[in-house]
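Down below is the structure, laid out as structure tokens.
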Amino acid sequence: ASGLSHGGAKAVIIDDCDTGTRAERLVAFAGFIERLGGLYTTAEDAGISTADVRSMSTVTRFIRNLPLEETGDGALCTAWGVFHGIRAGLEFRGISDMCGCSVAVEGLGKVGMALCELLQNAGADLIVYDIDDEKMQVTQQKYGAKAVAAGQIHRSDADVYSPCALGATLNQKTIPEIRARVVAGAANNQLSDASQDQLLSGYGITYCPDYIVNAGGVLSVAPKGARFNLPEALARVATIHETTHNVLALAKTAGIPTGFAADRLARQRLQT
């Protein structure tokens, strides 16, 4: 769906909150990746830091996008993609200028924070929520954000609802309460199940599918053998704007929910 010449996958390490065995588990995971002989390549992601990946690189060759130091570029690339997805969603709804628009950002991790900065720089007004009160205070002080109570962010009177925390926030309970015209965020698996895509459409909400909008991380990965270059990575990530437009246009033309449209485009590319 992102126009890359390779597939995608997700690996998870269950740590059981046992910090004493963290290093051992990372090395064991890296050893497993090495035995796959290049069928799977790993990189930084949620819960996995640059230091973790650097440690794993002592065991496996199949590590990509390893920066020289902890820069936060990975989060910036993902946020840059979400920003372009939000732009495309707003444009689809006839809003060409983000200045003066309001965006409700749920989740203020590295990606959520980077997204807030991009949105504020574009002139958007921010509404935020995170389980960490200190993070909300930071966005209030730095970006003039309005913080809301737990369980309320999806109800915000905003142009865009941007889920950037855990998944399944789009469900039968929350969707009827969403006031935003556009949903576009960094979280994985935002729909509690596939039927919620149709429900969003029925409420007139433009859903920008999660795996289209949050693909900035994988799009930022340097071509094989090349060093990571931030400007080049951001240019690749910016293609999310056009991809999102294509998905929304197909959904409208075919009369299908946007998630179905994204799946259709992905399957068409696999068949060519």
Notebook entry, point to check: Taking segment 220-272 only, how many residues are farther than 24 Å from LEU115 by Cβ and among the polar types (S, T, N, Q)?
Noted result: 4
Check: Before we move on, is ASP73 touching a Leu at 6+ places or on another chain (Cβ under 6 Å) and open to solvent by 20 Å² or more (accessible area, probe 1.4 Å)?
Finding: yes
Notebook entry, point to check: Out of segment 170-192, which residues are of a type in the set (Val, Ile, Thr) and within 16 Å of ILE86 (Cβ to Cβ)?
Noted result: ILE178, VAL182, VAL183
Notebook entry, point to check: What number of residues within segment 169-187 are part of a loop (DSSP other than H, G, I, E, B), free of Cβ contacts under 8 Å to residues at least 60 places away in the same chain and open to solvent by 40 Å² or more (accessible area, probe 1.4 Å)?
Noted result: 3
Item checked: Residue selected from segment 26-58 under the condition β-branched (Val, Ile, Thr) and buried (at least 17 other Cβ atoms within 10 Å of the Cβ), by the criterion farthest from GLY7 (Cα to Cα) -> THR50
Check: Which number in (1) in contact with a helix residue (DSSP H, G or I) (Cβ under 7 Å, 6 or more places away or on another chain); (2) over 15 Å from LEU108 (Cβ atoms); (3) open to solvent by 20 Å² or more (accessible area, probe 1.4 Å) marks the one condition that TYR143 misses?
Finding: (2)
Checklist line | Single residue of segment 16-39 satisfying the filter (within 25 Å of the chain's Cα centre (by Cα) and within 14 Å of MET56 (Cα to Cα)) that is modelled with the lowest pLDDT | finding: LEU26
Note to self: Please determine whether any residue of segment 207-219 is surrounded by fewer than 23 Cβ atoms within 10 Å (Cβ to Cβ), of a type in the set (Val, Ile, Thr) and closer than 20 Å to LEU4 by Cα.
What the structure shows: yes
Margin query: Please determine whether any residue of segment 120-142 is part of a helix (DSSP H, G or I) and of a type in the set (Asp, Glu).
Written below: yes
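Restricting to segment 253-263, count the residues that are part of a helix (DSSP H, G or I) and surrounded by fewer than 16 Cβ atoms within 10 Å (Cβ to Cβ). Give the steps one after another, and end with the answer.
Going through segment 253-263, the residues part of a helix (DSSP H, G or I) turn out to be 253-254, 258-263.
Now drop any that are not surrounded by fewer than 16 Cβ atoms within 10 Å (Cβ to Cβ), which leaves 253-254.
Looking only at that region, the number is 2.
Residue under question is ALA79, and the condition is that it be touching a helix residue (DSSP H, G or I) at 6+ places or on another chain (Cβ under 9 Å), of a type outside the set (S, T, N, Q), at pLDDT below 90 and assigned to a helix (DSSP H, G or I); does it hold?
On the way: touching a helix residue (DSSP H, G or I) at 6+ places or on another chain (Cβ under 9 Å): yes; of a type outside the set (S, T, N, Q): yes; at pLDDT below 90: no; assigned to a helix (DSSP H, G or I): yes.
In short, no.
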Notebook entry, point to check: Out of the residues in segment 229-252 that are in contact with a helix residue (DSSP H, G or I) (Cβ under 6 Å, 6 or more places away or on another chain) and farther than 19 Å from MET98 by Cβ, which is surrounded by the fewest Cβ atoms within 10 Å (Cβ to Cβ)?
Noted result: LEU230
Margin query: Need the failing condition index for GLN198 against (1) polar (S, T, N, Q); (2) open to solvent by 20 Å² or more (accessible area, probe 1.4 Å); (3) without any contact (Cβ under 8 Å) to a residue 40 or more places away in the chain, just the number.
Written below: (3)
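The values are calculated or read from the model by the stated rules, or taken from the named source; none is laboratory data. Only a predicted model underlies this, so the values are computations on that prediction, with no experimental measurement involved. Ideal geometry is used to build each Cβ from the backbone, glycine not excepted, and the neighbour counts take in all protein chains shown. Note: areas computed on protein heavy atoms with side chains; ligands, DNA, RNA excluded. Shrake-Rupley method; radii C 1.70, N 1.55, O 1.52, S 1.80 Å.
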